[in-house]
Amino acid sequence: MNISPETIAAFNQTLLPNHQRQFEFLVTQLDYQGIDVEAIVKQLSQFQVTIPSWALGTGGTRFGRFVTGGEPRSLEEKIMDVGILHQLSGNNGAISLHIPWDQTKDYEAAQQLALQYHIRFDAINSNTFQDQPNQPYSYKFGSLSHTQAEVRKQAIEHHIEVIEIGKKIGSKALSLWLGDGSDFPGQINFQKALGHTQASMQEIYHQLPSDWQLLIEYKPFEPNFYSMVIPDWGTAWMICQSLGDRAQVLVDLGHHLPNANIEQIVSRLLGVNRLGGFHFNDSHYADDDLTTGAIKPYRLFLIFCELINGVNQTANFINGSLTWMIDASHNTKDPLEDLLQATEGILIAYAQALLVDQSALAMAQENNEVALAQEILQTAFRTDVRPLVAEARYRNQSSLNPLRLFQKLGVRQNLTKIRGKASRATGL
């Protein structure tokens, strides 16, 4: 399915008068505050957040899965779905593959299809948290950290295979999340498990092309519940330090214990130049993988405040130094609708953070003016920036309201007619 520019333009015409009134009103307010609206809209229009291949289907839970009709049955159909999202939003110009879920016989053809949809391939993801068919050794008791050298060798070879696939499609980073750990005290030797992991990652790191990054993700629990080999940002950072400059920490917003100060973690990693990117989602308890901005939008805003304060404004945002990806599992929503809402939530938080008067905030901090510092942040957060986000989409020739157009066109119904009600996304 393809949405033509003419269809988007016709839909935008019906919303344009109201949008222009809202945008012009906001511009008047922001101009009075001395804010460069044009610069913000430009930054929003250039911002791209990657769609992971696995988020295009219904994830489910360990208790069950409710299939959404029209799920993508192949890598080609996943690329098409990301193409639909990018046509609607203008901010989803990349897909992140997961191997072996997204293996195909013709990667050149997949790359050509992606080009047709103006989609690039972002970081490529490995998988050693599952056993695959015909796999000689099991990962039940670990992979890169396993006590047995032959199991570690198998896991290392898998990552090298993933790198080779990434080269074929133009990826520039390997994203590594390790499910290794233990469920019971005494099950593993903590130091040996970490030592095996570091040695294994060293072998993988040496196989990376010179212009690639290794993104190391941490998680405090799940699938193991007593210990994880890489449970926190400090362990991930320590491993990165042992590998080299191209090893970076990847922050998944759901991979933290309740009430963790994620914005402070972001600041710390920026300070030591080890922040590689984000997996965006939202949560009420832990790794809930809910729609970004649905539960804790203020936290998301504060994270972007630290990013803007800690990086060279637009350089890392736009030039690809940081990897941005949505990482969600949809149990009750249409996956594509959820991804459109998540993209909106991310852009809103980014736009709000761009409104913060950084000079005034720095002065308030230096003078220990606590109430003023809070007021500066909350003034930006309470500003309705949706007209700025919509204007950025409009200038990208995308939809002023992506979700409404998605529903009006009956995209899910059309995909279900083509692919069937029982189609199931590969890998899920």
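What follows is calculated from the coordinates using simple rules that are stated; it is not laboratory data. Predicted, not measured: the structure shown is a model, and the values here were computed from it. Positions of Cβ are generated from backbone atoms using ideal geometry, with glycine treated the same way; all protein chains shown enter the neighbour counts.
Values for this structure:
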quantity	calculated
Computed lengthening from PHE221 to PHE184, 0.36 nm per intervening residue step minus Cα-Cα distance	12.1 nm
Extension reserve of the THR7-GLN407 stretch, reckoned as 0.36 nm per residue once the Cα distance is removed	142.7 nm
Value of D in µm² per second that Stokes-Einstein yields for the range 88-229, Kirkwood Rh from Cα pairs, at 25 °C (0.890 mPa s)	152
P(r) histogram, all alpha-carbon pairs of the chain included - 20 Å bins from 0, percent	25, 57, 17, 0
Hypothetical label at GLN130: residues of the range 391-428 whose amide nitrogen lies under 14 Å (7 Å Cα-Cβ projection)	424-428
Orientation-averaged projected area, Cα convex hull of the range 218-262 (nm²)	3.4
Environment charge at GLY59 (Cβ cut-off 9 Å; Lys +1, Arg +1, Asp -1, Glu -1)	0
Expected-Rg normalisation [2.2 N^0.38 Å, Cα atoms] applied to the range 56-132	1.18
D (Stokes-Einstein, µm²/s), Kirkwood Cα radius, the range 346-391, 0.890 mPa s at 25 °C	222
Gaussian network model of the chain, springs between alpha carbon atoms under 10 Å - residue of LEU409, LEU347, LEU400 with greatest fluctuation	LEU409
Fewest-first ranking of ASP122, ASP131, ASP334, using other Cβ atoms within 10 Å as the exposure measure	ASP131, ASP334, ASP122
Semi-axis lengths (Å, descending) of the ellipsoid that matches the C-alpha gyration tensor of the range 321-428	39, 16, 11
Spin-label pair ASP384/ASN18, simplified geometry with 7 Å Cα→Cβ offset, distance in nm	1.1
D_trans [Stokes-Einstein, Kirkwood Rh over alpha-carbon pairs] for the range 174-247, 20 °C, 1.002 mPa s, µm² s⁻¹	169
Of GLN341, LEU372, ALA236, farthest towards positive along the dipole that unit charges on Lys, Arg, Asp, Glu beta carbons give the chain	GLN341
For the range 255-398, size of Cβ-based charge dipole, Lys and Arg +1, Asp and Glu -1, in debye	260
Tail fraction, Cα-Cα pairs, the range 251-407, threshold 25 Å, whole percent	33
Packing-based order for 33-39, 153-159, 248-254, 177-183, using average beta carbon neighbours within 10 Å, highest first	248-254, 177-183, 153-159, 33-39
Rounded to the nearest 20 debye, dipole of the chain from Cβ charges on Lys, Arg, Asp, Glu	940
Cα gyration tensor category, rounded, prolate or oblate, for the range 1-42 with a/c compared to 1.5	oblate
Dipole in debye (nearest 20) - the range 28-146, about Cα centre, beta carbon charges: Lys, Arg +1; Asp, Glu -1	480
Computed lengthening from ASN414 to GLN33, 0.36 nm per intervening residue step minus Cα-Cα distance	132.5 nm
DSSP-defined antiparallel bridges as percent of all bridges, the chain, nearest 5	15
Hydrodynamic radius of the range 1-84 per Kirkwood, over alpha carbon pairs, in Å	16.9
Extreme residue, positive dipole direction of the range 22-86, given options SER74, ILE51, PHE25 (C-beta unit charges)	SER74
Percent of alpha-carbon pairs separated by more than 20 Å within the range 117-181	32
